[in-house]
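Engineer: First the structure, which I've put down as C-alpha cells, then a few questions once you've had a look.
The values are calculated or read from the model by the stated rules, or taken from the named source; none is laboratory data. Values in this document were obtained by computation on a predicted structure and should not be read as measured data. Counting neighbours? That spans all protein chains shown, and the Cβs are built from the backbone with ideal geometry, glycine included. Areas reflect the complete protein model, heavy atoms only, side chains present, ligands, DNA and RNA absent. Shrake-Rupley method; radii C 1.70, N 1.55, O 1.52, S 1.80 Å.
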There are 2 protein chains.
Amino acid sequence: MPSMFEGLQLPATFDAHVHLRSGIMMEAVVSTIRDGGADMVYVMPNLVPPITTVEACLEYRQKLQDLEPNVTFLMSLYLCSALTPNVIVEAKKAGIKGVKSYPAGVTTNSDSGVLDYKSFYPVLAAMEKEDLLLNLHGECPSSADVTVLNAEEAFLPTLGMLHRDFPNLRIVLEHCTTAKAIEAVKSYGPTVSGTITAHHLSLIVDDWAGDSFNYCKPVAKTPQDRIALLKAAASGDPKFFFGSDSAPHSTQAKQGSHISKAAAGIFTQPICTQLVLDALEQGCQEGILNEEQLTHKILAGFLSEHGRHFYQEPMSSSHLILGAGQNIQIPDLIPVDNRMVAIAPFRKGQRTRSLGWL
Amino acid sequence: MPSMFEGLQLPATFDAHVHLRSGIMMEAVVSTIRDGGADMVYVMPNLVPPITTVEACLEYRQKLQDLEPNVTFLMSLYLCSALTPNVIVEAKKAGIKGVKSYPAGVTTNSDSGVLDYKSFYPVLAAMEKEDLLLNLHGECPSSADVTVLNAEEAFLPTLGMLHRDFPNLRIVLEHCTTAKAIEAVKSYGPTVSGTITAHHLSLIVDDWAGDSFNYCKPVAKTPQDRIALLKAAASGDPKFFFGSDSAPHSTQAKQGSHISKAAAGIFTQPICTQLVLDALEQGCQEGILNEEQLTHKILAGFLSEHGRHFYQEPMSSSHLILGAGQNIQIPDLIPVDNRMVAIAPFRKGQRTRSLGWL
C-alpha cells in the first residue's frame, strides 16, 4: 500500500519567510533551499546590522543569487527609523518586495525593532501607495500582562488598527501560532494574510519545555492552537500560505549554557516541504484532518500558489515529486564549516520523505 | 537607610520539600542545607531506584544524618505498587513521616509513579489511620487536552476526590504554581495544605522559555499566578508553607544538548530562605505586597512554623539573622566533585542577602 503523498507531484514551494543569515552560515543554508523544495523565498532582513537601505538589500540579494542561481530571492527591508517614504519609493523601483516589522526585543536580532507603529505611519502610507508588503512579527513585548503565551493575541488589535488605517496595504501576519490569530486573519479583508510554519504544524508547548532545540518565537502554543493551524493550512483559504521561518543557529547557540540563554529559532530549510506534508499526514492520523480533503489543489495552494498570488509573483513552472514517508533520515547535524559549527535541524535523526525535482 | 529585612531574626526554616539525591551529589547538597537557613527538611524519595521500603528509607536517613548532624531529616516513601498497608504500619513505627506520590512520567525520576489513585486506596486508608502524610506532585500527565501549562489545574479534581474520600488524611499539594491551586487548597478543610517554592515566587513562563536553567516541573506559569503565590505566602494562612523543591542537577544535565532534553529542576538549597525574602521584597517593589503586611509572624509562619505545625513537629529553638539585600553574591557554580560536575544555582551570579545562625 503506498504511503500518503507517495509519488505526489507539486509545483515548487514558495517559502514566504526565510532567515538566510550572512557569512559562512549563509553559505551553508542557501545550499539547502532546493533540498526543501523551494524555488522562491522571501528573505528576512534581520542580519547584524539589519538591512535598512536599498543598497545593502541589493548587495545581499546579489550574494544570495550568486550562491544559488536556481532560486528567486524576494527581498525585504527592516522597519526602523532609517526607513523614510523616499526609501520606500526607491525600494519599489529596485524590486524590493516588502518591509518586515519586529516589535523591539521579541526575537533574534530584533533590538532595532518597532516600539510605536504610529510614528511609522508616513512610511506605511508610502508602502500602501507603492504597493509594498508589510510583514509583521505579530507579538507584543512581554510586560506585566503579556507573556510569550499571549504575546501574539495581545498584538492582534495592532494588526486590526494597521489594516483599518491602511486598507490597501498588503499585510502578512507572519508565523501564526494561535487559533485567535487564524480567526483574526480570516476576519479581515483580502489584503490581510497569514503564514504558517512547518514546525508550528507539529509542536505544542510541551515540546519546547526543557528542549531548547524546539524553542522559537512565537513559541508553540496549545494542542487546540496547533489544530487550528493544521485546519487553516488544509482549508484552501488563500489567506493562508507557507512561510517556514527557518532560522539557523549553531548547536552551541541553540543549547545555551548556564551563562547564556538559548537562541530562538528552528531550522527547517532543507526539509521544509517534507515537514509540512509529514505534519498534515500526522494530522490525518490524529483525526484532525482527513485524507480526502488534502487534494492536490489544497496542497499546491498552501505550499506554492497562495503565497505567490499574494506576493504578485508568477506561478512556478518547476515541479517536485515526493517520496514515501519515512524513506530518508533527517541528519543530526548539518555542518557549517569544517571545524566546530553545525546546525541541528528540526526533527533531527527522525525519518521523513524524499523529494525530487522533475 | 536599612534595606528590607536587614537584621531580621527568624526561627530556623523548615524546608518541606527537598531533593538530596545520593552519592557525590548528596554530599555536595547536604552540606548547603544550613547555608540556606533550614534546620529541618522533608526529604523526597525519588532516588534511582526510588525509596520504597522502610529499610532503604532508614538507611538513607542515616547517611544524611551522618553527613549533617545539625539538620533533622524527615523521611518519605515513594508511592508505588511495592507499598502495602503493612509497609505503612511499619513506616509509622519507624518514624517515617509520609508518602510522596508522583503521577507517572511528569518529572525527574517519576517513571515508577501513579497512574490510578483508586488502586492505592487501601494504602491511603492505612496512611489515614496511621496519620502519615500524603505529598502530591499535583500534575496530570500530558495528553490531548493537558499540557505543562494546565497539568496542575487538571489535577485539582483528583486532590478534591482524595480529600473527600480520606477527610482525615493530611495532604500536601506540593509546589503550588497557579492561582487555581491556591484557591483549591483554601477551599478544603484543615487537613489539606500547600507548599510554595522560592523560585515560583520569582519566575513566570518567560523566564524558562529558552532558559533551561529556569525550567522545572511544574513549570512557572503566568504573572497572575505568581501574584497569587506571593499573596498566599504573605497571607498568614497556615495552609501555606515553604517547600523549596530544590532539585540539583549537573550543569550538563540542565543545559541539555541536541540529543538530550534538559533536566527539570532548580537548585535553591544554599540560599532558599534568602530567595524567599528577596522574592517577597521584589513583590513589595512591584506593588503586589506591602511592607507592613510582612510582619515577623507572617514570615516565621510561612518559612518555619506553619509547616512544622502541619507536620506535627516541634518548633525550632534555633534562630537566623538576615543581612541586607544585595550584600553577597550567589556563585555561578557549586562544585560537586573535583573534576567536571557542578551545579548552577538559581539566580547564579546575582546578589542576595547574607544569613547567619544565632
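Engineer: Can you tell me which residue within segment B:126-153, out of those that are of a type outside the set (Lys, Arg) and more than 24 Å from the chain's Cα centre (by Cα), is least open to solvent (accessible area, probe 1.4 Å)?
Structural biologist: Filtering segment B:126-153 for residues of a type outside the set (Lys, Arg) gives B:126-128, B:130-153.
Now narrow it down to the ones that are more than 24 Å from the chain's Cα centre (by Cα): B:126, B:143-145.
Working: B:ALA126: 14, B:SER143: 65, B:ALA144: 78, B:ASP145: 104 Å².
Within segment B:126-153, the match that is least open to solvent (accessible area, probe 1.4 Å) is B:ALA126.
Engineer: Which condition from (1) charged (D, E, K, R); (2) open to solvent by 20 Å² or more (accessible area, probe 1.4 Å); (3) in contact with a strand residue (DSSP E or B) (Cβ under 9 Å, 6 or more places away or on another chain) is the one that B:ASP225 breaks?
Structural biologist: Tallying (1) charged (D, E, K, R); (2) open to solvent by 20 Å² or more (accessible area, probe 1.4 Å); (3) in contact with a strand residue (DSSP E or B) (Cβ under 9 Å, 6 or more places away or on another chain), B:ASP225 fails exactly one: (3).
Engineer: Identify all residues within segment B:135-153 that are closer than 14 Å to B:LYS221 by Cα and more than 12 Å from chain A (Cβ to nearest Cβ); write none if there are none.
Structural biologist: B:GLU152, B:GLU153
Engineer: When the residues of segment B:72-109 are narrowed to those that are closer than 19 Å to B:TYR42 by Cα, of a type in the set (S, T, N, Q) and modelled with pLDDT of 95 or more, which ends up surrounded by the most Cβ atoms within 10 Å (Cβ to Cβ)?
Structural biologist: B:SER101
Engineer: Please go through segment A:9-29 and pick out each residue that is among the small types (Gly, Ala, Ser) and in contact (Cβ under 8 Å) with a residue 12 or more places away in the chain.
Structural biologist: Within segment A:9-29, A:ALA12, A:ALA16, A:SER22, A:ALA28 meet the criteria.
Engineer: Output the number of the condition that B:SER257 fails; it satisfies all remaining conditions of (1) modelled with pLDDT under 95; (2) under 22 Å from B:CYS176 (Cβ atoms).
Structural biologist: Evaluating B:SER257 over (1) modelled with pLDDT under 95; (2) under 22 Å from B:CYS176 (Cβ atoms) leaves (2) as the failure.
Engineer: Do you know which residues across segment A:155-195 are surrounded by fewer than 20 Cβ atoms within 10 Å (Cβ to Cβ), more than 22 Å from A:ASP245 (Cα to Cα) and not aliphatic (A, V, I, L, M)?
Structural biologist: Within segment A:155-195, A:PRO157, A:GLY160, A:ARG164, A:ASP165, A:PHE166, A:PRO167, A:ASN168, A:SER187, A:TYR188, A:GLY189, A:PRO190 qualify.
Engineer: If I filter segment B:248-268 for residues that are of a type outside the set (A, V, I, L, M), over 30 Å from A:ALA253 (Cβ atoms) and in contact (Cβ under 8 Å) with a residue 60 or more places away in the chain, do I get at least one hit?
Structural biologist: Quick first cut of segment B:248-268, residues of a type outside the set (A, V, I, L, M) only: B:248-252, B:254-258, B:260-261, B:265, B:267-268.
Subsequent filtering for residues that are over 30 Å from A:ALA253 (Cβ atoms) retains none.
No, because not a single residue in segment B:248-268 is of a type outside the set (A, V, I, L, M), over 30 Å from A:ALA253 (Cβ atoms) and in contact (Cβ under 8 Å) with a residue 60 or more places away in the chain.
Engineer: Quick check on my filter: what residues within segment A:110-125 are surrounded by fewer than 20 Cβ atoms within 10 Å (Cβ to Cβ), part of a loop (DSSP other than H, G, I, E, B) and touching a residue at least 12 places away in the same chain (Cβ under 8 Å)?
Structural biologist: Scanning segment A:110-125 gives A:SER112, A:LEU115.
Engineer: If you scan segment B:314-348, which residues turn out to be farther than 27 Å from B:SER304 by Cα and either open to solvent by 70 Å² or more (accessible area, probe 1.4 Å) or within 11 Å of chain A (Cβ to nearest Cβ) (or both)?
Structural biologist: B:ASP332, B:LEU333, B:PRO335, B:ASN338, B:ARG339, B:MET340, B:ALA342
Engineer: Continuing with the same structure: Go through segment B:42-59 and count every residue that is open to solvent by 40 Å² or more (accessible area, probe 1.4 Å) and either among the hydroxyl-bearing types (Ser, Thr, Tyr) or more than 26 Å from B:PRO314 (Cβ to Cβ) (or both).
Structural biologist: Going through segment B:42-59, the residues open to solvent by 40 Å² or more (accessible area, probe 1.4 Å) turn out to be B:48-49, B:53, B:55, B:58-59.
Keeping just the survivors that are either among the hydroxyl-bearing types (Ser, Thr, Tyr) or more than 26 Å from B:PRO314 (Cβ to Cβ) (or both) gives B:48-49, B:53, B:55.
Looking only at that region, the number is 4.
Engineer: Limited to segment A:277-313, what total is found for residues that are loosely packed, with under 15 Cβ neighbours inside 10 Å, in a loop (DSSP other than H, G, I, E, B) and not hydroxyl-bearing (Ser, Thr, Tyr)?
Structural biologist: First, the residues of segment A:277-313 that are loosely packed, with under 15 Cβ neighbours inside 10 Å: A:285-287, A:290-293, A:295-297, A:312.
When the remaining residues are screened for being in a loop (DSSP other than H, G, I, E, B), the result is A:286-287, A:290, A:295, A:312.
Filter again for not hydroxyl-bearing (Ser, Thr, Tyr), leaving A:286-287, A:290, A:312.
Residues in segment A:277-313 being loosely packed, with under 15 Cβ neighbours inside 10 Å, in a loop (DSSP other than H, G, I, E, B) and not hydroxyl-bearing (Ser, Thr, Tyr): 4 in total.
Engineer: From the list A:ASP15, A:ASP39, A:ASP66, A:ASP35, which one is under 17 Å from the mean Cα position of the chain (by Cα) and open to solvent by 30 Å² or more (accessible area, probe 1.4 Å)? Before the answer, list the steps.
Structural biologist: On the way: A:ASP15 fails: open to solvent by 30 Å² or more (accessible area, probe 1.4 Å); A:ASP39 fails: open to solvent by 30 Å² or more (accessible area, probe 1.4 Å); A:ASP66 fails: under 17 Å from the mean Cα position of the chain (by Cα).
Within the list A:ASP15, A:ASP39, A:ASP66, A:ASP35, the selection yields A:ASP35.
Engineer: Which pairs turn up if I take residues in segment B:189-203 that are touching a residue at least 12 places away in the same chain (Cβ under 8 Å) and on the phi < 0 side of the Ramachandran plot and look for partners that are buried (at least 23 other Cβ atoms within 10 Å of the Cβ) and of a type in the set (Asp, Glu) with beta carbon separation below 6 Å, at least 6 apart in sequence or on another chain?
Structural biologist: Qualifying pairs under 6 Å: B:THR195/B:GLU174; B:THR197/B:ASP245.
Engineer: Can you tell me how many residues in segment B:110-134 are among the hydrophobic types (A, V, I, L, M, F, W, C), at pLDDT 90 or above and out of contact with any Lys or Arg (no Cβ under 8 Å at 6 or more places or on another chain)?
Structural biologist: Here the count works out to 6.
Engineer: Sticking with this structure for a sec: Going by the conditions given, is A:ALA253 open to solvent by less than 20 Å² (accessible area, probe 1.4 Å), of a type in the set (Gly, Ala, Ser) and closer than 30 Å to A:GLY105 by Cα?
Structural biologist: Numbers: open to solvent by less than 20 Å² (accessible area, probe 1.4 Å): no; of a type in the set (Gly, Ala, Ser): yes; closer than 30 Å to A:GLY105 by Cα: yes.
Here the answer is no, as A:ALA253 does not meet what is asked.
Engineer: Another question about this same structure. Could you check segment A:207-222 and list, in sequence order, the residues that are open to solvent by 30 Å² or more (accessible area, probe 1.4 Å) and acidic (Asp, Glu)?
Structural biologist: A:ASP207
Engineer: Same structure again: Across segment A:238-250, which residue is nearest to A:LEU136 (Cα to Cα) among those that are open to solvent by 20 Å² or more (accessible area, probe 1.4 Å) and in contact with a helix residue (DSSP H, G or I) (Cβ under 7 Å, 6 or more places away or on another chain)?
Structural biologist: Here the residue is A:LYS239.
Engineer: Please enumerate the residues belonging to segment B:216-248 that are acidic (Asp, Glu) and under 12 Å from B:LEU203 (Cα atoms).
Structural biologist: The answer is B:ASP225, and nothing else.
Engineer: Still on this structure, please answer the following. When A:GLN269 is evaluated against the numbered criteria (1) crowded, with 23+ Cβ neighbours inside 10 Å; (2) within 22 Å of B:ASN214 (Cβ to Cβ); (3) in contact with an Asp or Glu (Cβ under 8 Å, 6 or more places away or on another chain), which criterion, by number, is the only one it fails?
Structural biologist: The single condition A:GLN269 does not satisfy is (2).
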